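S.K.: The following block contains the structure, expressed as structure tokens.
Every read-out reported here was derived from the displayed coordinates using simple, explicitly stated rules and does not represent laboratory data. From a predicted model like this one, the values you see are computed outputs, not experimental measurements. Note that we place each Cβ from the backbone using ideal geometry, even for glycine, and neighbour counts take in every protein chain shown.
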Amino acid sequence: MENKICSVFHAPIDVVLPIENKKRTRVNYGRQPDICVICDPKIIEENAVFGTPNFIIEIIAGKDIKGTHKYKYSVYEEAGVGGIGLYSGKCVLLRVFIRRMEGFHRFNAFLRMTLFR
């Protein structure tokens, strides 16, 4: 994303990812990330984004935080998203994953206690 002009969007925005929807056997799979960064203006259309964002931030809530984390991580990894930020308010944790040649690597994890002391 260096030296690029990017746009930041927040929910609700439909993002149609170019991956197979295994439940419905469609070619594309729709999501509504909480925040996404897009540096390719060609994938931004009036009603939705059709392609892979450069970076996505998701706020994970609910009882099954670990399961939701795994699910969202796998969907965005398969779609080729450049980076993912997963924030869990319950655990007060932000995990950042950056895509490298061999897949995602955790860049860092921040706890509120570390950030705001």
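S.K.: Multiply the residue separation of residue 98 and residue 6 by 0.36 nm, subtract the distance between their alpha-carbon atoms, and state the gained length in nm to one decimal.
M.R.: 31.4 nm
S.K.: Taking the range 43-77, which GluC sites (Glu not before Pro) meet the DSSP loop condition and have no more than 16 other C-beta atoms within 10 Å?
M.R.: Those satisfying the criteria are 45, 46.
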